[in-house]
């Protein structure tokens with residue numbers, strides 16, 4: 001069973017992964033050791049693959065550090081749910097195949113709660129109660145399943161944009 005990690009508003013990329021822990025400063029192999037290392041030090045050692053981040057507005061604001069969503073992907077985050085995302089973070093997450101859902105749940109779920117998410121249908125289940133998130137279109141699910149835009153393109157020779165749900 002996955003867990004919910006609740007964060008507040010305006011979590012910036014430096015809080016997600018401070019610049020001094022960038023892969024070119026440490027190593028690509030160590031990327032998963034440092035997410036939220038200063039903001040929430042227990043996160044990197046306690047997060048499990050499949051865990052879900054639920055946060056407030058403007059998640060991923062700040063600089064355009066692609067390694068911030070890469071670090072969250074490295075630790076196996078299944079999805080991030082927020083009412084809004086910084087545009088550059090949203091694009092970087094899409095490029096990397098990190099699932100994002102736009103919904104405001106930060107006041108409705110508890111930190112550490114057991115949860116599951118069905119990324120295909122957009123159903124989040126917390127404490128036995130199912131919540132419908134905006135279901136992602138087919139092309140987006142395909143990009144997530146492949147691990148990002150580049151992986152999708154390399155495997156299929158085209159992008160799935162404009163296809164039916």
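The values are calculated or read from the model by the stated rules, or taken from the named source; none is laboratory data. If you're wondering where the values come from, they're calculated on a predicted model, not measured in any experiment. A quick note on method: Cβ atoms are made from the backbone with ideal geometry, for glycine too, and the neighbour counts reach across all protein chains shown.
Given the residues 41, 49, which is the only one that is in a loop (DSSP other than H, G, I, E, B) and farther than 19 Å from residue 10 by Cα?
49
Among the residues of the range 69-80, is any within 18 Å of residue 39 (Cα to Cα), in a loop (DSSP other than H, G, I, E, B) and modelled with pLDDT of 95 or more?
Taking every residue of the range 69-80 in turn, at least one turns out to be within 18 Å of residue 39 (Cα to Cα), in a loop (DSSP other than H, G, I, E, B) and modelled with pLDDT of 95 or more.
Of all residues in the range 1-32, count the ones that are at pLDDT below 95, farther than 22 Å from residue 64 by Cβ and either in a helix (DSSP H, G or I) or touching a helix residue (DSSP H, G or I) at 6+ places or on another chain (Cβ under 8 Å) (or both).
Here the count works out to 1.
Tell me, yes or no, whether the range 54-67 has at least one residue that is modelled with pLDDT of 90 or more and over 25 Å from residue 103 (Cβ atoms).
yes
Could you check residue 100 against (1) farther than 29 Å from residue 8 by Cα; (2) surrounded by 14 or more Cβ atoms within 10 Å (Cβ to Cβ) and say which number it fails?
Of everything listed in (1) farther than 29 Å from residue 8 by Cα; (2) surrounded by 14 or more Cβ atoms within 10 Å (Cβ to Cβ), residue 100 misses just condition (1).
Among the residues that make up the range 74-82, is at least one of them out of contact with any strand residue (DSSP E or B) (no Cβ under 8 Å at 6 or more places or on another chain) and on the phi < 0 side of the Ramachandran plot?
Yes, the range 74-82 contains a residue that is out of contact with any strand residue (DSSP E or B) (no Cβ under 8 Å at 6 or more places or on another chain) and on the phi < 0 side of the Ramachandran plot.
Checking the condition touching a residue at least 40 places away in the same chain (Cβ under 8 Å), assigned by TED's automatic domain parsing to the domain that holds residue 103 and over 12 Å from the mean Cα position of the chain (by Cα), which residue from 84, 45, 64 passes?
Only one candidate passes the filter, namely 64.
Test residue 108 against the criterion of being part of a loop (DSSP other than H, G, I, E, B), modelled with pLDDT under 95 and in the same structural domain as residue 63 (by TED's automatic domain parsing), and give yes or no.
yes
Which of the following residues is surrounded by 14 or more Cβ atoms within 10 Å (Cβ to Cβ), more than 24 Å from residue 8 (Cβ to Cβ) and in contact with a strand residue (DSSP E or B) (Cβ under 6 Å, 6 or more places away or on another chain): 143, 123, 109?
123
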